[in-house]
Amino acid sequence: MTKIAIIDDHQLFREGVKRILDFEKTFEVIAEGDDGSEAADLVEKYNPDVTIMDINMPNVNGVDATKEILERFPEAKVIILSIHDDENYVMHSLKTGACGYLLKEMDADALIEAVQVVANGGSYLHPKITHNLVNEYRRLALESVGSGYNTFQQTEICRPLHLLTRRECEVLQLLTDGKSNRGIGEALFISEKTVKNHVSNILQKMNVNDRTQAVVVAIKNGWVEVR
């Protein structure tokens with residue numbers, strides 16, 4: 001059973017997140033809070049496997065609360081919830097030690113998947129955030145070409161057919177494009193369950209912990225298009 005704490009100052013949103021998580025038989029929401037000032041004490045009292053933390057709260061924000069939690073409990077796992085997809089918010093949260101970053105526009109499947117991935121020791125970024133990171137890669141690529149250094153420039157795409165099946169290569173490309181499991185399923189006309197199986201196989205074969213690592217490795221190796 002994965003034990004979860006939710007810290008969010010909007011009660012209706014918090015209750016909605018709790019309701020989604022309670023549908024999962026392997027999840028149990030054991031603690032709730034409405035401000036970052038009480039987050040570390042809740043972690044100490046209830047010892048959740050994953051803490052879901054709103055980034056914007058009136059007294060102590062989610063980033064500062066995450067920092068305090070990890071200073072006191074270095075093994076704690078925190079997922080940040082935010083309305084902001086700006087790179088500065090994301091990088092600041094990750095540098096503080098958060099294991100995940102979700103946008104509040106997420107669907108239920110993304111929330112469930114994020115908790116599962118983080119509980120199992122991985123990290124999780126909302127697909128839109130992954131897409132933004134790919135765009136940043138593209139910007140660096142263009143800058144490197146203009147400066148005469150092409151460290152980031154892809155010269156040729158070589159699909160990793162030595163490692164993945166053709167279908168898995170297609171899924172990997174769509175992960176790079178920032179597609180969610182649902183979006184990948186719609187693009188390939190397959191079920192979300194089948195997508196999840198493909199993603200699990202990709203992570204295992206690439207020896208990475210999560211989707212974001214898979215995308216980074218794929219880009220560095222020229223296995224996917226940055227488009």
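When you go through Glu28, Glu15 one by one, which is the residue that is open to solvent by 50 Å² or more (accessible area, probe 1.4 Å) and either over 22 Å from Gly122 (Cβ atoms) or among the aliphatic types (A, V, I, L, M) (or both)? Only one candidate passes the filter, namely Glu15. Residues in segment 33-50 that are of a type outside the set (A, V, I, L, M, F, W, C) and touching a helix residue (DSSP H, G or I) at 6+ places or on another chain (Cβ under 6 Å): 3 in all. Taken over segment 76-103, the criterion of being open to solvent by 50 Å² or more (accessible area, probe 1.4 Å) and under 21 Å from Val29 (Cα atoms) is satisfied by Lys77 alone. The residues listed here are Asn209, Asn201; of these, the one that is part of a loop (DSSP other than H, G, I, E, B) and of a type in the set (S, T, N, Q) is Asn209.
Among the residues making up segment 188-205, those that are of a type outside the set (S, T, N, Q), within 25 Å of Asp107 (Cα to Cα) and within 21 Å of the chain's Cα centre (by Cα) are Glu192, Lys193, Val195, Lys196, His198, Val199, Ile202, Leu203. Contact annotation: residue pairs with Cβ atoms under 8 Å, 6 or more positions apart or on different chains, pairing a residue in segment 205-218 that is assigned by the TED database to the domain that holds Ile184 with a partner that is surrounded by fewer than 16 Cβ atoms within 10 Å (Cβ to Cβ) and not polar (S, T, N, Q), are Lys205/Leu163; Met206/Leu163; Asn209/Gly121. Across segment 31-45, which residue is nearest to Glu113 (Cα to Cα) among those that are buried (at least 16 other Cβ atoms within 10 Å of the Cβ) and of a type outside the set (Asp, Glu)? The extreme case among them is Ala31.
Within segment 204-225, the set of residues being of a type in the set (A, V, I, L, M, F, W, C) and open to solvent by 30 Å² or more (accessible area, probe 1.4 Å) comprises Val216, Val217, Trp223. Would you mind finding the one in Ala214, Ala218, Ala141 that is at pLDDT below 85, small (Gly, Ala, Ser) and assigned to a helix (DSSP H, G or I)? Among Ala214, Ala218, Ala141, only Ala141 is at pLDDT below 85, small (Gly, Ala, Ser) and assigned to a helix (DSSP H, G or I).
The values are calculated or read from the model by the stated rules, or taken from the named source; none is laboratory data. Note that the structure is a prediction, hence the values are computed from the model and not measured. A quick note on method: Cβ atoms are made from the backbone with ideal geometry, for glycine too, and the neighbour counts reach across all protein chains shown. All accessible areas refer to the heavy atoms of the entire protein, side chains included, with ligands and DNA or RNA removed. Shrake-Rupley method; radii C 1.70, N 1.55, O 1.52, S 1.80 Å.
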